Amino acid sequence: MTAKERVEKVKNSPLARLRDVVVIGALVAVAAVAAVAIATRGGRGSAVAITVRGETTYYSLSKDAVVSLGELDVTIEGGEAFVSRSTCPDGLCEKSGRISKAGERIVCLPCEIVISVCGESEFDAVTGGGA
Amino acid sequence: MTARKIVAAVLVALISTCSCLGCGRGYFVRSDEVFAGYVLDVKLRGGNEEGAYEAMKALAGEVDASVSLSLPSSVISRFNAASAGERVKADEHACKLFGLAKDACERTDGAFNPCLSALSEAWGVDNAGITSGKPPENFPTESEARTLGESADISLVSLVEEDGETYLVKSESAVTLDFGGLAKGYIADEARAIAASYGVKSGCVSLSGNVLVFGENESGGEWGVGVVDPRSKFDQICGFYRGGDFSAVTSGDYERFYEAGGVRFCHVLSPFTLAPVGVERTESGFKQSDDYVISATVVGASSATCDALSTAVAALGLERGAGLLERCGYDGIIFTSSGKMRTVGTFKFASSRLGYTEYERV
């Protein structure tokens, strides 16, 4: 058996195929970990922007509050914002859950209201306070 | 097989590098109470982030142990209790803060006065008084306040060096010190130096609203710091400042205050009236001033200076306060109780259509 033939034999052996599977599996695992790391990269936001029909108002996420917008209530609690009451028929905004990371948003199409967490581009921190 | 292995190894290396780059762009984010109700929030990127954060926490603890008026063992508490001529050993932080306080007092012509601790206690607006939530049994009379004001003079305090140690000495027993209007800014400035020594390239350090930023934010742009409307119920943000390296500090009557007879007594004292900012004496008691500073945000390079200047602006009022900022080359935004607003430098404004307060720009 020549050296070349020996190489071919090893290449086609079941053990080599198993190694291929292991290498491909490892690659997939690494890619998955990378994807998760990138997806969860957004930091905790410091403010929330509430846009009602084009008009935007900003609120600090560090103080608990209930902001009443007529059609719906936005509750800010423990650094998270969520729709706590809604009068729209589908109630999807209420089911959207809580948002706290920069870039996360809740959209209520019937009411034309968008609630999004700032932090990356608008506010990174806040100073002062209200009373 | 060998060739395949090499290709696979290169691929794995490439993918892990990419994923690491992805992680690297994110910030090391931590939030922790460092001392009595003060929360240190940090976002750091580059170098030894964890090491820098631990060093910042340790620093905040050290400064509190040195200057806290609630700890009887602190350098400043012992100094306040000492009599004239008695030497009180001062650590590095107390020495540096003394220098900063003296400079700030001179720079503001006394509008920032670091010797009002006894007066704060008399008005019940010191930490213990505010925490109790109740006004003092007896408010200081005009002559009592004047007596306390007479010894509120930093030139009666000196640093004495002997055998390699530094001591704080007063020439009058009644002199007291209070670095509360500077300590958070000092911690932020020192935190910036710590970050640099740990190789941290970008960051945002906030000590209960005393903010300092450097480098670039998460999107690789300039940092944005929002200013909260002082009369909003829900911390609505009305203005914001954008920049690369700066600090933003706010003083006002919106926190740490008590109310008595419908008058708000806040923790910021005026060295001119020797009463809390916004409080005036009447024949029968006290009333709220018609127009006083309810929030003064100061923006500039040094956080300790911003801290001192914001207190000075609150005491000086809108016009003179804005003048002081212009002279010092610091930016700021000032709100008054009658709904006036003045900016020094470039601030951006959020829409106030949904807002609760309409401020008139003056």
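Where in region B:166-234 are the strands (runs of 3 or more DSSP E), entirely inside, with at least 3 residues that are at the interface with chain A (Cβ under 9 Å from one of its Cβ atoms) and in contact with a Gly (Cβ under 7 Å, 6 or more places away or on another chain)?
In region B:166-234, B:223-228 are the strands (runs of 3 or more DSSP E) which contain 3 or more residues that are at the interface with chain A (Cβ under 9 Å from one of its Cβ atoms) and in contact with a Gly (Cβ under 7 Å, 6 or more places away or on another chain).
Per-residue answers, yes or no, for (1) surrounded by 24 or more Cβ atoms within 10 Å (Cβ to Cβ); (2) touching an Asp or Glu at 6+ places or on another chain (Cβ under 6 Å); (3) polar (S, T, N, Q); (4) modelled with pLDDT of 95 or more:
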position	(1), (2), (3), (4)
B:Y254	no, no, no, no
B:G261	no, no, no, no
B:E280	no, no, no, yes
B:E283	no, no, no, no
B:Q288	no, no, yes, yes
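Quick one: would you say B:L274 is at positive phi, open to solvent by less than 50 Å² (accessible area, probe 1.4 Å) and either touching an Asp or Glu at 6+ places or on another chain (Cβ under 6 Å) or more than 9 Å from chain A (Cβ to nearest Cβ) (or both)?
In short, yes.
Identify, please: which residue in region B:239-249 is open to solvent by 20 Å² or more (accessible area, probe 1.4 Å) and part of a strand (DSSP E or B) and is, among those, farthest from B:F335 (Cα to Cα)?
B:R242
A quick yes/no check of all residues on (1) open to solvent by 50 Å² or more (accessible area, probe 1.4 Å); (2) in contact with a Gly (Cβ under 6 Å, 6 or more places away or on another chain); (3) of a type in the set (D, E); (4) within 14 Å of another protein chain (Cβ to nearest Cβ):
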residue	(1), (2), (3), (4)
A:L72	no, no, no, yes
A:G78	yes, no, no, yes
A:A81	no, no, no, yes
A:P89	yes, no, no, no
A:L92	yes, no, no, no
A:G103	yes, yes, no, yes
A:V107	yes, no, no, no
A:E112	yes, no, yes, yes
A:V126	no, yes, no, yes
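What are the residue pairs meeting all of these: first residue in region A:1-19, first residue within 11 Å of another protein chain (Cβ to nearest Cβ), second residue open to solvent by less than 90 Å² (accessible area, probe 1.4 Å) and of a type in the set (G, A, S), Cβ atoms under 8 Å, and 6 or more apart or on different chains?
A:V10/A:A16
Output the residues belonging to region B:181-204 that are under 24 Å from B:F112 (Cα atoms) and open to solvent by less than 30 Å² (accessible area, probe 1.4 Å).
B:G181, B:L182, B:A183, B:G185, B:Y186, B:I187, B:A188, B:A191
The values are calculated or read from the model by the stated rules, or taken from the named source; none is laboratory data. It should be emphasised that the depicted structure is a prediction, and the values quoted were computed from it without experimental measurement. Note: ideal-geometry Cβ built from the backbone for every residue, glycine included; neighbour counts use all protein chains shown. The accessibility values were calculated without ligands, DNA or RNA, using every heavy atom of the protein model including side chains. Shrake-Rupley method; radii C 1.70, N 1.55, O 1.52, S 1.80 Å.
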